[in-house]
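The structure that follows is given in the form of structure tokens.
Bear in mind that the values in this text are calculations on the coordinates, not laboratory data. Quick caveat: nothing in here was measured; it's all calculated off a predicted structure. A quick note on method: Cβ atoms are made from the backbone with ideal geometry, for glycine too, and the neighbour counts reach across all protein chains shown.
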Amino acid sequence: MNHNPAHNPYTHTNPNSYPYASTPHGTHPGHTPPPTPAKTSLRTTLLLTSTLLMGLMAGLFFAFDVSVMPGLSDGDNRTYITAMQNINAEIDGNGLFGMAFVFALLLPIASAIIEFRKSNRKVAVWTAAAALAYFVVLLITFSVNIPLNNELAQLGNPAKVTDFSVVESFKTTWVATNIMRTLLCITALTALSRSLMLYGRATPHRA
């Protein structure tokens with residue numbers, strides 16, 4: 001038997017003679033490593049938080065649809081004005097609501113951009129669709145609901161109000177647009193849920 005190290009294929013000392021010597025274990029030249037846990041965690045957090053915030057906004061609008069507005073309509077106009085003035089003041093002064101209201105748009109946009117840059121086009125499209133639906137919610141809010149809220153606030157003391165036309169606008173226009181906001185938020189929530197499902201399928205799981 002030949003014991004000459006020069007002819008032994010298992011005793012090479014030059015690391016460059018092995019095809020995988022300069023690459024990590026289990027990889028090969030040209031192999032694209034999986035995303036790091038930190039990057040994957042950030043993307044996951046963005047999608048999950050976007051979905052959570054959208055669910056909160058949909059729930060808020062839905063609560064007005066099925067309980068707050070119908071309940072107020074059963075009372076007298078002065079009670080209606082008093083209750084809505086107080087509700088609007090509480091919402092406007094609530095920082096937590098303000099953050100949810102704004103970040104429900106910003107986070108899906110950020111997530112869509114990141115997923116598009118990561119070539120997860122399907123996830124990006126569904127996330128962008130959610131952001132677009134919620135953007136319409138904001139347009140409706142700032143063009144219809146907030147101006148009506150301001151009109152109601154300008155009435156001042158409900159006990160001194162004699163013109164209740166704003167209340168009628170609330171019972172028709174405000175209620176109708178709030179239903180639209182609910183449906184749009186549900187649409188956005190559905191799109192984000194689809195994004196999460198596609199993202200889960202596309203993201204490699206690390207042991």
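Quick check: residue separation of Leu96 and Thr44 times 0.36 nm, minus the Cα distance between them. What number comes out in nm? Walk me through the intermediate numbers first.
Details: separation 52, 0.36 × 52 = 18.72 nm, distance 2.23 nm.
Result: 16.5 nm gained on full extension.
Return a whole-number percent for the relative contact order of the range 95-160, with Cα pairs under 8 Å and 6 or more residues apart as the contact set.
Averaging sequence separation for qualifying contacts and normalising by length gives 26 percent for the range 95-160.
Then there's this: Using a Förster distance of 45 angstrom, determine the FRET efficiency expected from the C-beta separation of Thr173 and Arg117, and round it to 0.05. Don't skip to the answer; put the middle values down first.
Numbers: r = 41 Å, r/R0 = 0.91.
Approximately 0.65, to the nearest 0.05.
What ranking, highest mean first, results for peptides 74-85, 90-101, 44-55 when packing means the other Cβ atoms within 10 Å averaged over each residue?
Averaged packing, sorted descending, gives the order 44-55, 74-85, 90-101.
Name the shape class, rounded, prolate or oblate, that the alpha-carbon gyration tensor gives for the range 71-147, where a ≥ b ≥ c are the square roots of its eigenvalues, rounded holds for a/c under 1.5, and otherwise prolate holds if a/b is larger than b/c and oblate otherwise.
Taking the square roots of the gyration eigenvalues as a ≥ b ≥ c, the range 71-147 is prolate.
Now a separate question. Each label point is 7 Å from the Cα along the Cα-to-Cβ direction; what then is the distance between the points at Leu138 and Ala159, in nm?
4.1 nm
Quick one: Debye curve from the C-alpha atoms of the range 114-162, no solvent, what's log10 I(q)/I(0) at q = 0.32 Å⁻¹?
With one equal scatterer per Cα and no solvent, log10 I(q)/I(0) is -1.03.
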